[in-house]
Amino acid sequence: MEFKNPFTKAGFWFKGNIHTHTKNSDGRLSPEEIVRMYKENKYDFLFLTDHNKITECKISFKDFIVIEGVEFNKNNFHILGLNLNKIFSIENLTLQEIINKINSSGGFTVICHPYWSAIKSQEILNLSNFLGIEIYNNTCEQSKGKGYSLVHWDEILQENRKIWGFAVDDTHFLSGENQENDIFGGFIMVKAPLLNKKEICNSIKEGFFYSSTGVFIENLEIANNKIKIQFSPSVLVDFIGYGATGVRFSKKEEITYAEYEIKGNEKYIRIEITDKNNKKAWTNPIFL
Ligand SMILES: [Zn+2]
Ligand SMILES: [Zn+2]
């Protein structure tokens, strides 16, 4: 079994969003305005990821960190290069070369909103050395109803690829007639020893985090072939594995605990929790 359990890692929980635009690309607010909003809403960190450019933030705080990043657009692929502080031209690069260049520049890579981009899982499977994909993108959900890319995640995991799932805002802070604001919808909870760039990035890369749109996971324990999980009051708990393995617990009354006995044929197990308002949390996969 292989699982980076954030609940057994020493440290503290930090809340953050890894995909944010400012008016330096197609967002509405300045970097300073958007950073202030996240800080005031009790986030701990924020990645600024304008399209094809690095955005710097001119304000800094003791207890909130801003990390540089880019959203590269290549054909219908959008790719986050995170912890990247220098831009490069992608004009003559293939998708794999873009990923390799992000990695060799000290950054890490997340594939954006596959459902919204009309990307097939097989196209993602053709790539390597990326950290994960966006499984929930708030702006794609609020504007087009195409926020969830969970089938993509499972199709990739079923091919024995070890990738993480990220919930993100992709904040633009636009609002229109049929569009809700896209801020404060998808986030990750990261366990790290300290709030600084290095430790947050290390924990994300290692997988010591879970994704959420509002459900909080309180504990996750694996012992004697049993997974035990505690969470904020919810009504659905899905233990999801390969094909038809796994199980759903669906309750009329809110519950805060569920357990699952591992059968051994699941290949991987990831846990998805839903509350009565359709807010969710997703653990990263436990690989068997
Ligand atoms: Zn995008
Ligand atoms: Zn974006």
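Rule-based calculations on the coordinates, nothing more; no lab input. If you're wondering where the values come from, they're calculated on a predicted model, not measured in any experiment. Neighbour counts run over all protein chains shown; Cβ positions are idealised from the backbone, glycine included.
Projecting each Cα onto the charge dipole of the chain (Lys/Arg +1, Asp/Glu -1 at the beta carbon, about the Cα centre), which of 230, 171, 147 comes out farthest on the positive side? Farthest along the dipole direction, towards plus: 230. Shape annotation for the chain: C-alpha extents along the principal axes are 49, 41, 40 Å, from largest to smallest.
Here the dipole of the chain is about 440 debye; that uses its Cα centre as origin and unit charges on the Cβ of Lys and Arg (positive) and Asp and Glu (negative).
Just to verify a number: FRET efficiency for residue 61 and residue 265, C-beta to C-beta distance, R0 = 51 Å, to 0.05? E between residue 61 and residue 265, to the nearest 0.05, is 0.55.
The distance separating the Cα centre of the stretch 203-220 from that of the stretch 17-54 comes to 21 Å. Ellipticity at 222 nm from helices only: DSSP H runs of n ≥ 4 in the chain, each -39500 (n - 2.57), divided by the residue count, give -5000 deg cm²/dmol. In the chain, Cα pairs under 8 Å separated by at least six residues give a relative contact order of 17 percent. Separation of the alpha carbons by more than 27 angstrom is noted, of 205/228; 58/86; 120/228, for 120/228. Note on residue 256 and residue 30: the model spin-label points, each 7 Å out from Cα along the C-beta direction, lie 4.4 nm apart. For the stretch 155-275, the spread of Cα coordinates along the three principal axes comes to 46, 39, 29 Å, biggest extent given first. Stretching the chain fully between residue 93 and residue 202 yields a gain of 36.6 nm (0.36 nm per residue, less the alpha carbon separation). In a shell of Cβ-Cβ distance under 14 Å around residue 176, excluding residue 176 itself, what net charge do Lys and Arg (+1) and Asp and Glu (-1) give? For residues surrounding residue 176, the net value is -2.
Straight-line cross-link reach from residue 53 at under 14 Å between alpha-carbon atoms covers these aspartates and glutamates, not counting any fewer than eight positions away in the same chain: 26, 68, 71, 91. Mark the label point 7 Å from the Cα of residue 86 along Cα→Cβ and return the residues of the stretch 103-128 whose backbone N is within less than 18 Å of it. Residues passing the 18 Å test: 103-109.
Which residue fluctuates the most in the chain, going by a Gaussian network model with Cα springs under 10 Å, if the choices are 238, 154, 26? Checking each option, the largest mean-square fluctuation is seen for 26.
Across the alpha-carbon set of the stretch 119-160, the Rg to Rh ratio works out to 1.01, Rh being the Kirkwood radius. For the residue pairs 191/263; 4/226; 39/197; 42/267; 9/267, the alpha carbons lie more than 27 Å apart in 191/263; 42/267. Note on the chain: with a GNM built from Cα contacts shorter than 10 Å, the maximum mean-square fluctuation among 130, 72, 12 falls on 12.
Computed over the chain with a Gaussian network model linking Cα atoms closer than 10 Å, the most mobile of 235, 35, 66 is 235.
Distance between the C-alpha centres of the stretch 267-288 and the stretch 90-129: 24 Å, rounded to the whole angstrom. Taking a point 7 Å from the Cα of residue 144 along the Cα-to-Cβ direction, the residues of the stretch 62-77 with backbone N closer than 19 Å to it are 71-77.
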